Amino acid sequence: MERISPKGEILSIYRKRHLVPYGEFTPGAWCPVIRFLVKRQAGYLPDLRRGSNPGVFFFKKIPLAIFICYEDIFSEEVAAVIAKGRFVLVTLTNDSWLGTLGSAQHFAFASLRAAEAGSYLIRAANTGITAYLDKRGRIVKRLPPACRGILLGNVNLVSEKTFYQRFPLLTPSFSIVFLITISLFHRKMHNEE
């Protein structure tokens, strides 16, 4: 992705950091059998190189953290960018290969990232759900899947840190302990029958 000036100058570049296995790169490409199978199935051997820098652009002095496609499902990716300052999150995606259910799940992940980061999120999807979300991950405006249209509204930079930003490991740790406790309780109840 490139940000280009009205004069055609490249102002900034972002290269996707989380590539899709077998769609954008080939894991195990050193193996002739894998190369053969992937090339036979895809018609080519995917060989893109991942970017190394976060996608940070500025629009009228507003810092934007850019995520391409499914990069916004990785909370650690979003947290790493947000740790460097306050941003409006932006996801650009084509969810056609996900289908209806996958597109809805992808959108739900975007909502979680907005809430975790305490940041507004703008999401443009040519075949998925286009929307913008507030700092709590709530939908402010939304277009139906694969619908042409334009969403207009205001987004703000938020300065306060969220609970997730202050204690990033607490939520997953609590979830693991909770699931283990429920599993042990269920096992104990099942054994008593």
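The values are calculated or read from the model by the stated rules, or taken from the named source; none is laboratory data. Please read these numbers as outputs of a predicted model, since none were measured by experiment. Using ideal geometry, Cβ is built from the backbone for each residue, glycine included, and neighbour counts are taken over all protein chains shown.
The requirement of being surrounded by 13 or more Cβ atoms within 10 Å (Cβ to Cβ), in contact (Cβ under 8 Å) with a residue 40 or more places away in the chain, assigned by TED's automatic domain parsing to the domain that holds CYS69 and not aliphatic (A, V, I, L, M) is fulfilled somewhere in region 140-147, by at least one residue. A residue that is among the polar types (S, T, N, Q) and under 16 Å from THR91 (Cβ atoms) occurs nowhere in region 162-176.
A residue that is over 28 Å from GLY102 (Cβ atoms), touching a strand residue (DSSP E or B) at 6+ places or on another chain (Cβ under 8 Å) and among the hydroxyl-bearing types (Ser, Thr, Tyr) occurs somewhere in region 4-27. Does GLY137 fit the bill of being closer than 20 Å to ILE62 by Cα and touching a helix residue (DSSP H, G or I) at 6+ places or on another chain (Cβ under 7 Å)? Against the criterion (closer than 20 Å to ILE62 by Cα and touching a helix residue (DSSP H, G or I) at 6+ places or on another chain (Cβ under 7 Å)), GLY137 qualifies. When region 106-158 is filtered for residues that are in contact with a Lys or Arg (Cβ under 6 Å, 6 or more places away or on another chain) and more than 20 Å from VAL78 (Cβ to Cβ), the ones remaining, listed by number, are LEU151, GLY153. Of the residues making up region 71-92, just one is buried (at least 19 other Cβ atoms within 10 Å of the Cβ) and of a type in the set (Phe, Trp, Tyr), namely PHE87.
Scanning for something under 14 Å from the mean Cα position of the chain (by Cα) and either of a type in the set (Asp, Glu) or closer than 19 Å to VAL20 by Cβ (or both), does region 78-89 turn up at least one residue? Yes - at least one qualifying residue is present in region 78-89.
To keep it simple, each residue is scored yes or no on (1) among the basic types (Lys, Arg); (2) outside the structural domain of ASP72 (by TED's automatic domain parsing); (3) surrounded by 15 or more Cβ atoms within 10 Å (Cβ to Cβ).
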{"residue": "ILE34", "(1), (2), (3)": "no, yes, yes"}
{"residue": "LEU37", "(1), (2), (3)": "no, yes, no"}
{"residue": "GLN41", "(1), (2), (3)": "no, yes, no"}
{"residue": "TYR44", "(1), (2), (3)": "no, yes, no"}
{"residue": "LYS60", "(1), (2), (3)": "yes, no, no"}
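When the residues of region 120-134 are filtered to those that are at pLDDT 90 or above and not small (Gly, Ala, Ser), the one that is nearest to LEU101 (Cα to Cα) is THR130. Counting only residues that are closer than 25 Å to ALA117 by Cβ and without any contact (Cβ under 8 Å) to a residue 60 or more places away in the chain, region 165-188 holds 13 of them.
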